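Student: One structure, pasted below without further comment.
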Amino acid sequence: MGDKDGAFVGLDIGGQSIKGFRLERDGSISARATRPTPASSGSKAVLAEIASLLAELRSSGAIVAVGAGTPGGVDLSGRIAGDAVNISGWRGTELGAAVARASGAPAYVRNDGNIAAYAEWAVRGGSSRALLFVGLGTGIGGGYIEEGCILGGVDDKAVEIGHLIVYPGGRLCACGRPGCVEAYAAGPSIGRLATEMAPRFDSPLALAARKGPAGAINAREVYEALAAGDTLAVEVNAIAVEALSRAIGAALAFLAPDTVVLGGGVIKGAVRLVDEVAATAPQFVYAAASEGVRFERALLGPEAGLLGAALYGASRSLSKEGLFDLAEKARAKLG
Ligand SMILES: [Zn+2]
């Protein structure tokens, strides 16, 4: 399987698990490895799992480059620059150096939202020049890619769109501030909104919520009910759509993307969300900023992090055409 020059490795470091794969030059995935993240055991324990995972991937053949996505900020040397809420003691970790040592290859480490954005840009094969990605999951992350360059800002912290305050003094966000879009449109926030609003409704979703424990409804159930026209689900969805549209409207004014991609776990069940945001976001920005902007669903699912990381590492040794070709082949093989 392995190419004589070696493979590109993608590494996706999350609060629950660390995943890696070998992306060969023909777009095939020749090996995969995964480890649980010892998230509460400190950075040394996490680095040990990463080293073990890379040793496993290295045993299948040479590695040309490793791209890695990590929660939190990361500086130009691959050092973790900020706190990551889901890995304790992550700040200050020399991640880039550790990955390079364990893999025997150059390591390119970026924030995971930026890596997911990079994946969505790359698999579009040049059809987008400036792409804004918004990932809706347990939180809301994002990234912005212009002509293949990640807009990182200081320590890769740019485009934290989830913490754009859309309702000053509003619902409390996990970051401690009130009114962030994440407090209205992330998966758990959608579930909480539905649970809190349930007493004012008599719909099937509201009745189910009142029977269960607090916080019993999740986003998936809200979107299932929405498909059936449930009045509570309609109301909750409208709140999430408006919050998201306010944040994306602001982002359009700041970044001027040609494509806005919505992805993440929430989007799976939210079949009309992209169209609704496309219709609503232009209300929250001056007219020229939304003209001609395409709103699209993510082309990749949960593997965006792995593929984006591998492609980001690969981009250092491939032409743009070579990168797009590899991205297309890999996407086809990932299915
Ligand atoms: Zn926040």
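The values are calculated or read from the model by the stated rules, or taken from the named source; none is laboratory data. The shown structure was predicted, so the numbers you read here are calculated from the model rather than taken from an experiment. Heads up, the Cβs are rebuilt from the backbone with ideal geometry, glycines too, and the neighbour counts pull from every protein chain shown. Please note that ligands, DNA and RNA were not included when accessible areas were found on the heavy atoms of the full protein model with its side chains. Shrake-Rupley method; radii C 1.70, N 1.55, O 1.52, S 1.80 Å.
Student: Show me the ranking of peptides 70-76, 109-115 by mean Cβ neighbours inside 10 Å, starting with the highest. The partial results should precede the final answer.
Tutor: Working: 70-76: 21.7, 109-115: 28.1.
Output ranking for 70-76, 109-115: 109-115, 70-76.
Student: I'd like the distance between the alpha-carbon centres of segment 28-81 and segment 82-111, rounded to an integer number of Å.
Tutor: Segment 28-81 and segment 82-111 have Cα centres spaced 8 Å from each other.
Student: Above 22 angstrom, tally the Cα pairs of segment 98-251 and express them as a % of all pairs, no decimals. Walk me through the numbers before you get to the answer.
Tutor: Details: 5992 of 11781 pairs.
Across segment 98-251, Cα pairs with separations above 22 Å total 51 percent.
Student: Can you pull the percent of the chain's accessible area that's carbon plus sulfur, 1.4 Å probe, other chains left in place?
Tutor: Working: 7660 of 14230 Å².
Solvent-exposed carbon and sulfur of the chain make up 54 percent of the total.
Student: Next question, about the same structure. Place a point 7 Å from Cα of Ala332 in the direction of its Cβ. Which residues in segment 123-165 have their backbone N less than 14 Å from it?
Tutor: Under 14 Å, as judged by backbone N against the label point of Ala332, lie 125 of segment 123-165.
Student: Note the angle between two axes, namely the Cα long axis of helix 320-334 and the longest principal axis of the Cα atoms of the chain, as a number of degrees from 0 to 90, rounded to the nearest 10.
Tutor: Approximately 70 degrees, to the nearest 10.
Student: List the aspartates and glutamates whose alpha-carbon lies under 15 Å from that of Lys157, not counting same-chain residues fewer than 8 positions away?
Tutor: Asp75, Asp83, Asp112
Student: Now a separate question. Roughly how many Å² of Arg331 are accessible to a 1.4 Å probe, to the nearest 10?
Tutor: Answer for Arg331: close to 80 Å² accessible.
Student: Post the alpha-carbon centroid distance, segment 174-197 to segment 139-164, in whole angstrom.
Tutor: Their Cα centres are 21 Å away from one another.
Student: I would also like to ask the following. Considering the Cα positions of the chain, please state its Rg to one decimal place and its Dmax as a whole number of Å.
Tutor: Cα-based Rg and Dmax for the chain come out at 20.2, 65 Å.
Student: With a point put 7 Å past each Cα toward its Cβ, work out how far Ala228 is from Val85 in nm, to one decimal.
Tutor: 3.1
Student: If you don't mind, there's one more thing I want to ask. State in Å² the accessible area per residue of the chain; use a 1.4 Å probe, count heavy atoms of protein chains only, and round to the nearest integer. Intermediate results must be reported in sequence, preceding the final value.
Tutor: Numbers: 14230 Å² over 335 residues.
Using a 1.4 Å probe on heavy atoms only, each residue of the chain averages 42 Å².
Student: As a test question: what accessible area, to the nearest 10 Å², does Ser30 have when a 1.4 Å probe is rolled over all protein chains in place?
Tutor: Answer for Ser30: close to 40 Å² accessible.
Student: Of all DSSP beta bridges in segment 1-106, what percent run antiparallel (nearest 5)? Let's see the in-between values first.
Tutor: Numbers: 16 of 22 bridges.
Percent antiparallel among DSSP bridges in segment 1-106 is about 75.
Student: Also, quick follow-up: How large is the dipole of segment 212-327 about the Cα centre if only Lys and Arg carry +1 and Asp and Glu carry -1, each at its Cβ, rounded to the nearest 20 debye? Numbers along the way, then the final one.
Tutor: Details: 8 positive and 13 negative charges, 60 e Å.
I would put it at about 280 debye.
Student: Considering only protein heavy atoms, what is the solvent-accessible area of Phe284 at a probe of 1.4 Å, reported in Å² to the nearest 10?
Tutor: Counting only protein heavy atoms, the figure is 60 Å².
Student: Kindly state, to the nearest 0.05, the FRET efficiency for Ala97 paired with Ser28, given R0 = 35 Å and r defined as their beta-carbon distance. Mind showing how you got there, number by number?
Tutor: Values: r = 29 Å, r/R0 = 0.84.
Efficiency, rounded to the nearest 0.05: 0.75.
Student: Please work out the Cα center distance from segment 272-335 to segment 226-242, rounded to the nearest Å.
Tutor: Cα centres, segment 272-335 to segment 226-242: 26 Å.
Student: Quick one: work out Rg over Rh on the C-alpha atoms of segment 1-64, Rh as Kirkwood radius. List each step's numbers first, then the result.
Tutor: Numbers: Rg = 12.4 Å, Rh = 12.0 Å.
Reported Rg/Rh, Kirkwood definition of Rh: 1.03.
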